[in-house]
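Here is the structure we will look at.
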Amino acid sequence: MSFNILVIDDSNSMRAVIKKVISLSGFKVDCCFEAGNGREALEVLANYWVDVIISDINMPEVNGLELLNKLQQDILYKEIPVVIVTTEGSNERMEDVFNLGAKGFIKKPFLPEELRRVLYQVIGVGDDGGYEEDKKNVDGLDF
Amino acid sequence: MVDTKKIKKMLMDSTFEVFEKMFYISLEALNADHEGCDIAVTIGFDGYVKGEDDIAVTINFDGSVRGEGQLSLSGGLTEMMAQNMLSLDAYEITEKDIEDCSKEAANMICGNFLRKFNVDEAFNLSLPIFRRNPGAIPCQGPDLQDSMFRLNFVSNGECLEVIMTMADRNR
């Protein structure tokens, strides 16, 4: 199975870095959408199905915390796993984002491995890009 | 208000970490003992980056302490940052790439520093402001008399100055 991923950051460069890490991490990606802030992200979500959201916090118009809040209020969007990637890495801020439903948290600056590890944890795929469940099934086969 | 040496160490570590992890650039501190060093003495500037291609980025923060972080970068350093971060050749780099990378550097250094300063508190960060060819930029911190920390770095002949000003929230 391949994933649709939405990367939200007001920095084109940071979005490019995140997309590069994803592409090099072995994830099977169908579409990688981009948005410069929470408002643009909601427009993407209104038009496309997204499996995972990777979002910054400090952005213009609708910031990452406001976006999380809006996602939580929508019965469809609240199930989409969100990974926050931000410079704001205090314990208080981490608590805020997890209370608002985020499933992962990465502090900038980050190493590519950190992003990869958290993404694997959140979407439940193994290092080879396959589902853990699929791997279990394969492991359980008796040839 | 603060332990000057400890704050400078936090700021220096934050800067090193950002440049190494995100831009793959090894910086050399001009003040290895964290005691501050005037860039003017070392490479001929008078405290501010001043070349035609030079860049300044400022970002404000607010919490139990408030203040401003300011990065002054030589143009060549920002080109190196953009090339390394985006894996591009020099001719592919645009002004927008340079602005993005410079802002992101200020954002990350400030956020990283504040996390080291007080890991339990969530500070509010402003959006970074980018200026090309800024000339001499006096730091616009809340109270220069209170706490101002300035560090200077070089890498392959390019230079970076990081200034952090901080004041108690109630002042």
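FYI, it's all coordinate maths here, none of it is from the lab. These figures come from a predicted structure and were not determined experimentally. Glycine gets a Cβ as well: all are built from the backbone with ideal geometry, and neighbour counts include every protein chain shown.
Using the Karplus curve 6.51 cos²θ - 1.76 cosθ + 1.60 with θ = phi - 60°, work out ³J(HN,Hα) for each residue of segment A:19-33 in order, rounded to whole Hz, and write x for Gly and Pro.
My calculation for segment A:19-33 gives 5, 5, 4, 4, 5, 8, 8, x, 6, 8, 9, 7, 10, 10, 7 Hz in order.
Looking at A:Gln121, A:Asn12, A:Val83, which one has the Cα that reaches farthest to the positive end of the dipole of chain A (charges on Cβ: Lys, Arg +1; Asp, Glu -1)?
It is A:Asn12, whose Cα lies furthest towards the positive end.
What FRET efficiency comes out for B:Ser64 versus A:Asn47 if R0 is 35 angstrom and r is the Cβ-Cβ distance? Round to the nearest 0.05.
That pair, B:Ser64 with A:Asn47, gives E of 0.25.
Evaluate the distance, in nm, between pseudo-label points positioned 7 Å from the Cα of A:Asp30 and of B:Lys96 along their respective Cα→Cβ axes.
2.8
As a footprinting exposure proxy, order B:Thr4, B:Thr15 by other Cβ within 10 Å, with the fewest listed first.
Neighbour counts put them in this order, fewest first: B:Thr4, B:Thr15.
Let's test the formula: R0 of 35 Å, r as the Cβ-Cβ distance of B:Lys6 and A:Gln121. What FRET efficiency results, to the nearest 0.05?
Using R0 = 35 Å, I get an efficiency of 0.55.
Using the 10 angstrom Cβ neighbour count as an exposure proxy, how do B:Lys103, B:Lys5, A:Lys103 rank, fewest first?
B:Lys5, A:Lys103, B:Lys103
Please rank A:Ile54, A:Ile75, fewest neighbouring Cβ atoms within 10 Å first, as an exposure proxy.
Fewest to most other Cβ atoms nearby, the residues stand as A:Ile75, A:Ile54.
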